[in-house]
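Everything below concerns the one structure shown next.
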Amino acid sequence: MKFTKYFSPKLALLMTALACTTQAQVADFFFKVGGNIVKNECLLTTAVTASTRPRVACSSLCLQKVNCHFFCIRNGNGLCALFKAFVAVRWPGHPASASTTTYDACYTSWGDPRDIVKTNSHFTYSSVWGSLDPKSATDGYACAAPAFFATQSQPNSFTQIDMELTTRVQTVIIATTLGSEMANMDVILSNTSDYNLGQKIGRVDGAPPHWSTCTIVTNTSVAGRYITTFWAATGYHSYAEIQVVPLP
């Protein structure tokens, strides 16, 4: 049974948007994120709209821009800044610096408001490669190196998140780095941190595209507290960001 879906969120959003009857509905496909200070490294483009409803106008612009999953606005001058980053709703923003811009608000099409991962969720792993920061896996922002997590090259690598509650999981949504580094990866749900006592609830079939999104639709017949990604192959196990959506 196949659990994994690789899809273009851009295509899905465009297809849905075409069925909408008003521009305002287009904005409903984007959710406000916690942060509004953003590094410029993953900026695709900026535009100034004459609309009195900049969120609606910027939503439409992002839908039309290839690889745009995130945008920020300045209400005073109608500025839209479009980014290629995969951003979760929980993201608190970047620390202010000379390379950041402060906006009035930012919105994401990749982030799911039902996500129960926290930026401070307890995150464990079999190993970590080089000087990468393990927090990059759950900080809510993914765009380019080094904002991702990777283990050392070894067999039976894993990462694990303590969700802090027992729940059934509907989907696991992952922003990939090198898709080959999570090919045929298993997703395990367990009641304790010993994932060997848990149950496999999903699997990545093959290798998803690089720097894309992968949605793993799970077997929801079991509940657990710990979500584990397990990769048996010998090599680097990596991904850029993760969301966990519980069963309603």
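Structure above, values below:
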| read-out | value |
| --- | --- |
| Of all residues in region 45-64 being closer than 18 Å to residue 101 by Cβ and not aliphatic (A, V, I, L, M), the one that is nearest to the chain's Cα centre (by Cα) | 62 |
| From 127, 131, 136, 153, residue being in the same structural domain as residue 214 (by TED's automatic domain parsing) and in contact with a Gly (Cβ under 7 Å, 6 or more places away or on another chain) | 153 |
| Which listed residue is in contact with a helix residue (DSSP H, G or I) (Cβ under 9 Å, 6 or more places away or on another chain), touching a residue at least 60 places away in the same chain (Cβ under 8 Å) and not aromatic (Phe, Trp, Tyr), from 162, 104 | 104 |
| Residue among 27, 57, 17 that is outside any strand (DSSP E or B), among the hydrophobic types (A, V, I, L, M, F, W, C) and at pLDDT 90 or above | 57 |
| Residue among 66, 117, 48 that is surrounded by 18 or more Cβ atoms within 10 Å (Cβ to Cβ) and not small (Gly, Ala, Ser) | 117 |
| Among (1) among the polar types (S, T, N, Q); (2) in a strand (DSSP E or B); (3) under 19 Å from the mean Cα position of the chain (by Cα), the one test that residue 180 misses | (2) |
| One residue from 121, 109, 126 being in contact with a Leu (Cβ under 7 Å, 6 or more places away or on another chain) and under 22 Å from residue 176 (Cβ atoms) | 109 |
| Residue within region 156-165 that is outside any loop (DSSP other than H, G, I, E, B), polar (S, T, N, Q), closer than 13 Å to residue 244 by Cβ and at pLDDT 95 or above present | yes |
| Hits in region 188-241 - residues which are of a type in the set (A, V, I, L, M, F, W, C) and not in a strand (DSSP E or B) | 197, 204, 207, 211, 222, 223, 232, 233, 240 |
| The lone exception for residue 132 - which of (1) at pLDDT below 90; (2) under 10 Å from the mean Cα position of the chain (by Cα) it fails | (2) |
| Selected residue [farther than 17 Å from residue 115 by Cβ and either more than 21 Å from the chain's Cα centre (by Cα) or crowded, with 19+ Cβ neighbours inside 10 Å (or both)] from 187, 204, 169 | 204 |
| Tabulated pairs, region 185-199, first free of Cβ contacts under 8 Å to residues at least 60 places away in the same chain, second hydroxyl-bearing (Ser, Thr, Tyr) and surrounded by fewer than 20 Cβ atoms within 10 Å (Cβ to Cβ), C-beta under 6 angstrom, 6+ apart or interchain | 197/190; 198/190 |
| In region 69-113, the residues that are out of contact with any strand residue (DSSP E or B) (no Cβ under 7 Å at 6 or more places or on another chain) and either among the hydrophobic types (A, V, I, L, M, F, W, C) or surrounded by fewer than 17 Cβ atoms within 10 Å (Cβ to Cβ) (or both) | 75, 76, 92, 95, 97, 98 |
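The values are calculated or read from the model by the stated rules, or taken from the named source; none is laboratory data. These figures come from a predicted structure and were not determined experimentally. Glycine gets a Cβ as well: all are built from the backbone with ideal geometry, and neighbour counts include every protein chain shown.
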